[in-house]
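The values are calculated or read from the model by the stated rules, or taken from the named source; none is laboratory data. Not measured: the values here are computed from a predicted model. Here the Cβ positions follow ideal geometry from the backbone for every residue, glycine too, while neighbour counts run over all protein chains shown. All accessible areas refer to the heavy atoms of the entire protein, side chains included, with ligands and DNA or RNA removed. Shrake-Rupley method; radii C 1.70, N 1.55, O 1.52, S 1.80 Å.
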Amino acid sequence: MAYTEEELKKELETKEYEYGFYTDIESDTFPVGLNEEIVIAISKKKEEPEWMTQWRLEAFRIWESMEEPTWANVHYEKPDFQKISYYSAPKSADPNKTLDDVDPDLLEMYRKLGISVDEQKKLQNVAVDIVVDSVSVATTFKKTLAEKGIIFMPISEAIKEHPELVKKYIGSVVPQKDNFYAALNSAVFTDGSFCYIPKGVRCPMELSTYFRINQAGTGQFERTLLIADEDSYVSYLEGCTAPSRDENQLHAAVVELIALDGAEIKYSTVQNWFPGNSEGKGGVFNFVTKRAICEKNAKVSWTQVETGSAVTWKYPSCILKGDNSIGEFYSIAVTNNYQQADTGTKMIHLGKNTKSTIISKGISAGKSQNSYRGLVQINSRADGARNFSQCDSLLMGNECGAHTFPYIEAKNKTAMIEHEATTSKIGEDQIFYCNQRGIDTEKAIALIVNGFSKEVLNKLPMEFAVEAQKLLEISLEGSVG
Amino acid sequence: MLKIKDLHASVDDKEILRGINLEVKAGEVHAIMGPNGSGKSTLASVIAGNERFEVTQGSIELSGEDLEEVSPEERAHKGVFLSFQYPVEIPGVSVTNFMKTAINESRKAKGLEDMPAKDMLKLIREKSELLEIDRKFLSRSLNEGFSGGEKKRNEIFQMAMLEPKVAILDETDSGLDIDALRIVASGVNKLKSKDNAVILITHYQRLLEYIVPDFVHVLHNGKIVKSGGKELALELEEKGYDWLKQETAV
């Protein structure tokens, strides 16, 4: 039988988060609370050099003087930063271990997540770094990559092994004082991925990081630093999941991308943190700062599929510093139930003939609120800068909201800026049309949503696109009113 | 094949169909004519299972099976096809992808594997030639930016792909110029066989010059007020509907 609105709602409520399992791995967790001692203790635990400890402390002092931002179109109970534990590591993690030594429970967890850390990945040509709670557990393919001079390792190791690179670039795109969450991250980050692609090297495989929060009452603050040296190329994937819990979990990451002259970085994210249950309880608070700097003729593409988190606050941005540099942002943000997303991008045009493209697709269902917030800024010296923005919203039902906040600041008369926006709703007539052709309602929604998101899905690497499509289907099953 | 008995249906408590009786056998073509608002499109929607309409009385049987508890998609799997009067747009979903999904969903319901890509391509090639459809057209988003004629032709293309038992063509002729009408009609004629049936819903005699019906029914106020052979359509063309309205009022 075709669905009535009531039936659909009911079904939607019973749809459970697919990745909501908890793996019982012994872990080493710090007491809750944040002060200078904790910051120093984290640094010590990671056996960091003194300059890093000082950098963290500097960040902590800045953070203390800052206020949590309130301008985003999201409403939530502010996390109590003194009730969070800032370090949680699976006890059996030892950076010197090979894959064979990895805790079988951990491996089982990867299996549930659909990640295979072994030969399968070799076939798929993906090198993976996995961060569970706060610690990087396994980095595959180190050797293959090393032959090309590519460095891909947990940032905690890079701090020790390549201090000159880390010291030079960390905080160069997102300084400690950038914003409240970035400052917090700078003080307490425990791990993340580090990647360096040497001059003229095309990275032969997709690099990938999986983040997962496992332990209750912990925050995850990972830090990713990716440097593409002159004329190099890399495609980087990032996936995220968390178990379902009643309390909100905090995730405040910082990602810095550096694309030197002529380099190209593709950075793709499929974010599937626990979104909270159907009453809006629990879920991850996702406050992330992602930014890239593009030197001359460099190109950075951000592609993101955001289906999870209770609250998302995230604006992957590009500073188009060098002449002829290109910034791209392709985004699909799905919100359902009580989820709130305030996401978008900033394109800062500093160099001449810089180009940026923004394609944002927002899909809202249930009682959720989905906002696009974007800034296109053309500096006075940026002659011939061009931007094209397109923001489309798709609504399901009558209780959700879609909002668009485009900001444009043009200080150069030669700038060309285009902005397009549409809002549409999945209609009963579309569903019935599909039903009449033998396609059931679930499949019909998936078909319509995929059609709507196609321009962005096409930008993802193949195997990721398939996963993203599935995620869209799971997140929206039965959500047409 | 299709047996409709004393069918009553309403929308928002307003009764639209007030006791329809109709039997359509395999190999037959029936035309349903009638003035605006007589319930023609509602009848088509109700046969296809649109739940916006509530069936308050009577029954619809397909090959002896009561359709009351059968969902629209299951009706489609069993061979009911509706060519929509106003086909909807689905942006970003190509005609090919849509058809692939529709065919494979039907196959899945019958416990069959997905149709192999090679067979699918062959089928698409065959049927698009039948309806003189440019292959480029098939990669366009479903109905998005299609002209009225293109939309209708696309509906018949889908019918050709799905090979239904009972096809209901709801005002397929409206919005078609004479050339397109000829192509669509010849397509329908080629798809017609002794094993399937066609119900044409139309205002005008014009379509019936190309697809010749075995029976013509006149719908007025939610009831079939007159049935006859193809000559009834000509009579309607000549005299309009008013004489029938008066006749039924008496």
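Does segment B:5-23 include one or more residues that are open to solvent by less than 20 Å² (accessible area, probe 1.4 Å), closer than 30 Å to B:Thr101 by Cβ and assigned to a strand (DSSP E or B)? Yes, segment B:5-23 has at least one match. The set of residues in segment B:41-63 being of a type in the set (Gly, Ala, Ser) and either open to solvent by 20 Å² or more (accessible area, probe 1.4 Å) or assigned to a helix (DSSP H, G or I) (or both) consists of B:Ser41, B:Ala44, B:Ser45, B:Ala48, B:Gly58, B:Ser59, B:Ser63. Listed by first and then second residue, the pairs linking a residue in segment B:219-240 that is polar (S, T, N, Q) to a residue that is open to solvent by 70 Å² or more (accessible area, probe 1.4 Å) and not in a helix (DSSP H, G or I), with Cβ atoms under 9 Å apart and 6 or more places separating them unless they lie on different chains, are B:Asn221/B:Arg18; B:Asn221/B:Gly37; B:Ser227/B:Phe215. Within segment A:110-132, not a single residue is open to solvent by less than 40 Å² (accessible area, probe 1.4 Å) and at pLDDT 80 or above. Within segment A:247-262, the set of residues being farther than 17 Å from A:Phe194 by Cα and at pLDDT 95 or above comprises A:Asp261, A:Gly262.
Condition check ((1) modelled with pLDDT of 85 or more; (2) touching a Cys at 6+ places or on another chain (Cβ under 6 Å); (3) surrounded by 16 or more Cβ atoms within 10 Å (Cβ to Cβ)) across all residues:
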| position | (1), (2), (3) |
| --- | --- |
| A:Tyr19 | no, no, yes |
| A:Ser43 | yes, no, yes |
| A:Glu47 | yes, no, no |
| A:Met52 | yes, no, yes |
| A:Ser88 | no, no, yes |
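I'd like to know if segment A:445-454 contains one or more residues that are of a type outside the set (Gly, Ala, Ser), more than 10 Å from chain B (Cβ to nearest Cβ), assigned to a helix (DSSP H, G or I) and without any contact (Cβ under 8 Å) to a residue 24 or more places away in the chain. No, that holds for no residue.
Can you name the residue in segment B:207-240 that is buried (at least 18 other Cβ atoms within 10 Å of the Cβ) and in a loop (DSSP other than H, G, I, E, B) and, of all such residues, is farthest from the chain's Cα centre (by Cα)? Applying the filter and picking the extreme gives B:Gly222.
Does segment A:285-294 contain any residue that is more than 16 Å from the chain's Cα centre (by Cα) and open to solvent by 10 Å² or more (accessible area, probe 1.4 Å)? Write out each step before concluding.
We begin by selecting, within segment A:285-294, every residue more than 16 Å from the chain's Cα centre (by Cα); these are A:293-294.
Imposing the further condition that a residue be open to solvent by 10 Å² or more (accessible area, probe 1.4 Å) reduces the set to A:293.
The answer is yes; a qualifying residue exists.
In segment B:106-120, the qualifying residues are those that are open to solvent by 20 Å² or more (accessible area, probe 1.4 Å) and touching a residue at least 12 places away in the same chain (Cβ under 8 Å), and the one that is nearest to the other protein chains (Cβ to nearest Cβ) is B:Ala109.
If you check A:Thr423, A:Thr357, A:Thr414 for being free of Cβ contacts under 8 Å to residues at least 40 places away in the same chain, farther than 24 Å from A:Val74 by Cα and in a strand (DSSP E or B), only one passes: A:Thr357. Of the residues making up segment A:151-165, those that are open to solvent by less than 20 Å² (accessible area, probe 1.4 Å), touching a residue at least 60 places away in the same chain (Cβ under 8 Å) and of a type outside the set (Ser, Thr, Tyr) number 3.
Taken over segment B:64-78, the criterion of being touching a residue at least 12 places away in the same chain (Cβ under 8 Å), open to solvent by 10 Å² or more (accessible area, probe 1.4 Å) and within 12 Å of chain A (Cβ to nearest Cβ) is satisfied by B:Glu68, B:Val70, B:Glu73, B:Glu74, B:Arg75, B:Ala76, B:His77, B:Lys78.
Only one of A:Asn435, A:Asn398 is touching a residue at least 40 places away in the same chain (Cβ under 8 Å) and within 9 Å of chain B (Cβ to nearest Cβ); which? Step through it out loud before you land on a result.
Working: A:Asn398 fails: within 9 Å of chain B (Cβ to nearest Cβ).
It is A:Asn435.
Looking at A:Glu442, A:Glu473, just one residue is open to solvent by 60 Å² or more (accessible area, probe 1.4 Å) and either assigned to a strand (DSSP E or B) or more than 9 Å from every other protein chain (Cβ to nearest Cβ) (or both), and that residue is A:Glu473.
Residues of segment B:141-162 that are charged (D, E, K, R) and within 12 Å of chain A (Cβ to nearest Cβ): B:Glu144, B:Lys151, B:Glu155.
Against the test of being more than 8 Å from chain A (Cβ to nearest Cβ) and under 22 Å from A:Val449 (Cα atoms), the options B:Ser83, B:Ser94, B:Ser59 yield a single qualifying residue, B:Ser94.
Only one of the numbered conditions (1) at pLDDT below 95; (2) under 14 Å from B:Gln158 (Cα atoms); (3) touching a helix residue (DSSP H, G or I) at 6+ places or on another chain (Cβ under 6 Å) is not met by B:Ala76, and that is (1).
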